[in-house]
Structure formats: structure tokens, C-alpha cells
There are 2 protein chains.
Amino acid sequence: MASQKATAEAKSNIAFIKYWGNRNNALRIPLNDNLSMNLDHAFTTTTVAFDAQINADQIVIGENEAQGAARDRVIAHLDRVRAIAKIETRARVQSQNNFPMGAGIASSASAFAALSLAATRAAGLELSERDLSMLARLGSGSACRSIPGGFVEWIAGHGGNASYAYSLAAPAHWDLRDVIAIVSAEEKKVGSSDGHSIAHTSPFLLTRQNNLPARFHRVRHAIRARDLALLGPAIEEDAVELHLIAMTSRPPIFYWSPGMVRVIDAARAWRADGLAVYFTLDAGPNVHLICESKDADQVASRAREIADVQQVIVNAPGDAARLIEAHLF
Amino acid sequence: MASQKATAEAKSNIAFIKYWGNRNNALRIPLNDNLSMNLDHAFTTTTVAFDAQINADQIVIGENEAQGAARDRVIAHLDRVRAIAKIETRARVQSQNNFPMGAGIASSASAFAALSLAATRAAGLELSERDLSMLARLGSGSACRSIPGGFVEWIAGHGGNASYAYSLAAPAHWDLRDVIAIVSAEEKKVGSSDGHSIAHTSPFLLTRQNNLPARFHRVRHAIRARDLALLGPAIEEDAVELHLIAMTSRPPIFYWSPGMVRVIDAARAWRADGLAVYFTLDAGPNVHLICESKDADQVASRAREIADVQQVIVNAPGDAARLIEAHLF
């Protein structure tokens, strides 16, 4: 193998039933089945070039050479790909998000999904969607959901080879929108991985786990039936629960921001006024406003009027991760 | 009885272990033992004059004649006093808070404590502290904690005559301060009584009830030992739990405000910097910053620098409800 290069793009995703807490931290096997929608306007584009001329991986994220833990995490993922491909060649990696990092948009999800696809193709591998989602999962749990397209279910499974994601419905199935109200572009103080690893210290986790099967089926049914009035309250409940598990973990993690509270209050007031919009949250400070396409302009323009909102990104359901370019010599 | 008049003052209180949810809504018997500190700078002064010349109760709160539910609630309380005193005389009631109403300072606590003391004395009754606390409880649950002085325990009890408050320690026992950061003087949208009555709809309530006995004993021990490092984390946990029970009740109640989140984040940052301060919350938008007297100026001046903070009230442990004046003819 002389030089092999591939570029892939993967969408970020927003969970309707959250992934929070692992059954197995090392293998990132989640406590519960979870479910998301890919976001067509929030994505990562990653190029991986294996190059026999270099003797260390070179990782550039955005404009900057990656350092420390972020660099180690990418190298560990390249090592997984090298182990499957039975190569030792080092790689040049260039990764670019089209949205601010650490802003509650799951950047590690799209980043590790794009990296998994680009690196395996550059290494001459063609993994099935299922295997690719499991590889992505090892880099960042929710990255497995950014491999298939549209509305995606991640089956928790009971072992490393049974925990994967698949598409419940294609993007065209439902003209849903995620209007992301970005209230802070600062990087979050506590990463999701740390949150997952202490979720079990919350005395409320067991009750959440007991709540989930019924809610999961409600959300899945709502998606199949395209029923926003059924989906909305369930995703709000689940978003609040993620935060309460974080806030009652030891030590507690507060992902809330003043702007988040303001946007949630506004969304609830708009809904009381007849606008069909529901909020969800990630492990970050921003608010995802879920509505149908017919109401998206209205939701976006109202969100832009809120003083704390710095930017609004309107997302339709996004495609599966895809290969943009590959050069195999 | 011609004309009988009494004026009483009662302090508000801040709970360290919260009262949230009733075993019996009508009798306001709480789900759990709870514990508070009276606030010396947040109080209600109430004058009750029974007057044979009038044929309907006249209730003035602040500058205004009380209307609707607020008026009915005071009249129902006067009826309780009349039933004990075996009189039917109507009363003129004038009640005045020295702090903004509905701002997360428990105005109904100090109001019904002052009303209970003034009305019973005006009616010629001298109830024991225990009986007075039980009477106040029927008007507003947490009012029973504003009858005794200093650090107060409300024993949940299992019947209407076994649910009362008593003083764990006098005000002078510990030079603690509650620096209230008022971020909104608006009346809260959902009253505490409504919150109590739907607390049982939260799937997390049982876990909270299971958490409480250990935390209660930790807080009681911390007060006895004057140990802020032990008290602080326990009261923060309990404050967060009150809000999470409210947010997971059906329908959910969001007492959070943007300013509250900002003050909490600031307090946690100050503590990380070495300032011994801990937050607690009520069913309202403000933050109570608990520290020792030596740090109170520092905490108050930092709180005043936060843009959302409209007013800061520094409270030492407050006295028991007290009679100011009585005219019995």
C-alpha cells in the first residue's frame, strides 16, 4: 500500500430518546436503546490519507493540529481501522465541521462517523452499514447513529458485536425540522464521555431506565405515524431526564445555560399560542426546536428574536454517511 | 367580644430539606420531614382586628384589597381561628411583606404564620407553639416552620395533630447567612400548592423519598456541628431534586429562570475559587446563597455584580414569630 486517500461526510444527529450512560464504557455499549434523526445542515467532512512516507499520524481538526486527548482519541480510532485492515501505515487526517464545536451539536457523532467511513475506505475496506456503525460507536457512542440515514435506531445490544444502528425510516419519510437555537458557541465544560461514565452514580438512573421502554415505543410509533403531537411531549420528557440524571450524578453536571432556559420558556409559550413546536436538548447549552416543515420559518424567525440566540440552524432529516471521493493507488 | 386587635410578625424561611408533595393535601401533611432556617430580613407583619360592626372579612395585602383565591384562603384561615375561639365575628386583616411577593421567597409561609399568631391572639386565644405551628400549616404548609425560631424541623407526622414544627437550634447557634439573589420580582406562574398536589405524578418521587432520610440526618447533623462543608452539598442536592420533581411532574413545572442558572453557575465558580458558598432554591426563580457570616459581604457584593440580579437580601437566622401589639377590650 503506497498512498490511499478517501473523503467522507457524515451528518450530526439529534436524539429523541437519549443515549446517556453505558453498560460497558470501553465498548460504549449504552444502557438503553435510543433513537435519533440525522441533521442535514450540521455535518463533518473528513479526509484520511494513509501515507507510507510519514511515521506518525497527523490530525488536523478545522484549522488546527489536534493535541492531547482529542488527538489520542482519533489515533486510537485509526488503530482500530489499521487492525481490521492489517496495516501499520500512518495517516494524515483533515476534519472540518460546518458548525461550531462543543456547542451541544454532537460534533463527535458526525466526526467519528465520517472518520470511520473515510479511514476504512482509504484502507481499502468496505464494511457493511452495520459493521461501520459498530466501528463508529467505538470512537463515539452516538457516532453509530450518524452512519445510517434519516430516522435511526441504535439497538443497545448485549455485546460489542450486537450494539449497532439502523435506519428506521428514510429522510423523506417525514418532513420534520430541527431548528437549532445556538445560545453559546463555547465548548462545554464537561464532555459527554465523562457524563456517561458517572451516570450510574445518579440515584434516579434506575427510574429513568424503567421509564424508557414505554417512551421508546411511543417515539418509534410517533415517527412511523408522523404524529408530532405524540412525539413532542415524549422527547421533551426525555430531554429533561438526561439533564436531571446529569444534575444528580456525583459530582453533578450542569449543562443548563441561561439562554437555554429562555428558549425553552419561549417555545412553551409559542406552543400555548398554537405553534406546534417541542424542545429537545443535548449534553450542551443549546436548544433543538422540533417542528414540521410548514412551521419551520416561523419557529426560526421567532428564535432569532431571542436576545441570547446567536445563530439558528434549520435542519431537515439528513442522509446516511457517504463517501465523497476515494483515490486508491 | 366588642373589638379585639393584635399585630404579629413572622419571618420567612428557607428550607434546607424541602417540603415538596403532600401525604394529605387538605391537611397539608407533607410526604417527608423537612428542615429550614428562618430569615431575619424577610418577614410579614399582620394585624387582625375582630370587629362586631362589620359583616364580612376585609383583607388588605400590601396596598390592595385581596381578591379571589388569595382572599378565600385567608378567610378560610380566619374561619379555623373562629372555630377554635367559638366566635363568628368578622375581621379586618392588614398584611405587609417587607420583600417582593411571589419571588421565590416563601411569602405564604411568613404570611400564614403571622396571620395565625395575630388572629389567635386577637380572638383571645393563647396556643402553644406546637398548636400554633399546626394551625399555620393548615393555611400554608411551610408556614408551620415560621412559628418556631432559628433552625426548624417540621415533623411530617401521620395525622393532622402530629404534623408540627419545633426549633432544632436557636438563631444564635450558628452565624449562617442566606444571601438571597433576586433575579425576578415577577409572581411565579405556578403556585407551590399546585406543585405539591401533582408531585406524586413524577416517576422520580419515590426515589427522592428513598434518598431523604439519609440526607435529612446529614443536614441535621451539619447544623448541630455547624459544619458548612457537610451542609452545603446536601442542600444543593435537595434543591436540585425539588426542581427535578417539578419538571418531571405531569404537566411539568419549570421554575428555572435564566438568571437562576447564571447565579448558580457563578456560585459554583466562586466555590471552586475557594469561597465557601452553596446554593439552594425554592419553588421560584431566585437563588439562596448560603454561607457563613464572615463571607456574606463577599458573596453579596459578587452577587450584585451579576447582571440579572435585581436585588440582594442578606439574612441571618431569624427569630420565632412574635406578637408586636395586642389590644383586648
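Within the range B:218-230, does at least one residue satisfy the condition of being open to solvent by less than 20 Å² (accessible area, probe 1.4 Å) and not aliphatic (A, V, I, L, M)?
We begin by selecting, within the range B:218-230, every residue open to solvent by less than 20 Å² (accessible area, probe 1.4 Å); these are B:219, B:222-223, B:228.
Add one more test, that the residue is not aliphatic (A, V, I, L, M), and what stays is none.
No, because not a single residue in the range B:218-230 is open to solvent by less than 20 Å² (accessible area, probe 1.4 Å) and not aliphatic (A, V, I, L, M).
So which residues in the range B:259-288 are within 10 Å of chain A (Cβ to nearest Cβ), open to solvent by less than 20 Å² (accessible area, probe 1.4 Å) and either at pLDDT 95 or above or part of a helix (DSSP H, G or I) (or both)?
If the condition is that a residue be within 10 Å of chain A (Cβ to nearest Cβ), open to solvent by less than 20 Å² (accessible area, probe 1.4 Å) and either at pLDDT 95 or above or part of a helix (DSSP H, G or I) (or both), then B:259, B:260, B:261, B:263, B:264 are the ones that fit.
Would you confirm whether any residue within the range B:5-24 is of a type in the set (S, T, N, Q), in a loop (DSSP other than H, G, I, E, B) and in contact (Cβ under 8 Å) with a residue 12 or more places away in the chain?
We begin by selecting, within the range B:5-24, every residue of a type in the set (S, T, N, Q); these are B:7, B:12-13, B:22, B:24.
Cutting the leftovers down to in a loop (DSSP other than H, G, I, E, B) gives us none.
No, there is no match, as no residue in the range B:5-24 is of a type in the set (S, T, N, Q), in a loop (DSSP other than H, G, I, E, B) and in contact (Cβ under 8 Å) with a residue 12 or more places away in the chain.
Only one of these conditions is not met by residue A:205: (1) buried (at least 16 other Cβ atoms within 10 Å of the Cβ); (2) farther than 20 Å from residue A:290 by Cα; (3) more than 22 Å from the chain's Cα centre (by Cα). Which number is it?
Only one criterion in (1) buried (at least 16 other Cβ atoms within 10 Å of the Cβ); (2) farther than 20 Å from residue A:290 by Cα; (3) more than 22 Å from the chain's Cα centre (by Cα) is unmet by residue A:205, namely (3).
Got a sec? Which of B:234, B:229 is under 23 Å from residue B:303 (Cα atoms), part of a helix (DSSP H, G or I), more than 21 Å from the chain's Cα centre (by Cα) and more than 11 Å from chain A (Cβ to nearest Cβ)? Lay out the reasoning, then the answer.
Details: B:234 fails: more than 21 Å from the chain's Cα centre (by Cα).
None of the other options fit; the residue is B:229.
If you check residue A:56 against the conditions, is it part of a loop (DSSP other than H, G, I, E, B), free of Cβ contacts under 8 Å to residues at least 12 places away in the same chain and outside the structural domain of residue A:192 (by TED's automatic domain parsing)? First the steps, then the outcome.
Values: part of a loop (DSSP other than H, G, I, E, B): yes; free of Cβ contacts under 8 Å to residues at least 12 places away in the same chain: no; outside the structural domain of residue A:192 (by TED's automatic domain parsing): yes.
So residue A:56 fails the test.
Could you please let me know if residue B:270 is of a type in the set (Phe, Trp, Tyr) and over 21 Å from the mean Cα position of the chain (by Cα)? Walk me through it before giving the result.
On the way: of a type in the set (Phe, Trp, Tyr): yes; over 21 Å from the mean Cα position of the chain (by Cα): yes.
When the stated conditions are applied, residue B:270 passes them.
State yes or no: is residue A:123 assigned by TED's automatic domain parsing to the domain that holds residue A:59, within 14 Å of residue A:85 (Cβ to Cβ), among the hydrophobic types (A, V, I, L, M, F, W, C) and touching a Phe, Trp or Tyr at 6+ places or on another chain (Cβ under 7 Å)?
Working: assigned by TED's automatic domain parsing to the domain that holds residue A:59: yes; within 14 Å of residue A:85 (Cβ to Cβ): yes; among the hydrophobic types (A, V, I, L, M, F, W, C): yes; touching a Phe, Trp or Tyr at 6+ places or on another chain (Cβ under 7 Å): yes.
Considered against the rule, which asks whether it is assigned by TED's automatic domain parsing to the domain that holds residue A:59, within 14 Å of residue A:85 (Cβ to Cβ), among the hydrophobic types (A, V, I, L, M, F, W, C) and touching a Phe, Trp or Tyr at 6+ places or on another chain (Cβ under 7 Å), residue A:123 comes out as yes.
Which residue pairs have Cβ atoms under 6 Å apart, sit 6 or more places apart or on different chains, and have a first residue in the range A:200-215 that is under 19 Å from residue A:29 (Cα atoms) and a second that is among the hydroxyl-bearing types (Ser, Thr, Tyr) and open to solvent by less than 50 Å² (accessible area, probe 1.4 Å)?
If the second residue must be among the hydroxyl-bearing types (Ser, Thr, Tyr) and open to solvent by less than 50 Å² (accessible area, probe 1.4 Å), the pairs left are A:201/A:249; A:202/A:248; A:202/A:249.
Please find, among B:76, B:69, B:143, the residue that is open to solvent by less than 30 Å² (accessible area, probe 1.4 Å) and either in a helix (DSSP H, G or I) or polar (S, T, N, Q) (or both).
Details: B:76 fails: open to solvent by less than 30 Å² (accessible area, probe 1.4 Å); B:69 fails: open to solvent by less than 30 Å² (accessible area, probe 1.4 Å).
Only one candidate qualifies: B:143.
Any idea how many residues of the range A:246-264 are out of contact with any Pro (no Cβ under 9 Å at 6 or more places or on another chain), under 14 Å from residue A:282 (Cα atoms) and without any contact (Cβ under 8 Å) to a residue 60 or more places away in the chain?
3
The values are calculated or read from the model by the stated rules, or taken from the named source; none is laboratory data. What you are looking at is a predicted structure, and each value in this text was computed from that prediction instead of being measured. Here Cβ is always computed from backbone atoms with ideal geometry, including for glycine, and neighbour counts include all displayed protein chains. Quick note on the areas: whole protein, heavy atoms, side chains included, nothing else; ligands and nucleic acids left out. Shrake-Rupley method; radii C 1.70, N 1.55, O 1.52, S 1.80 Å.
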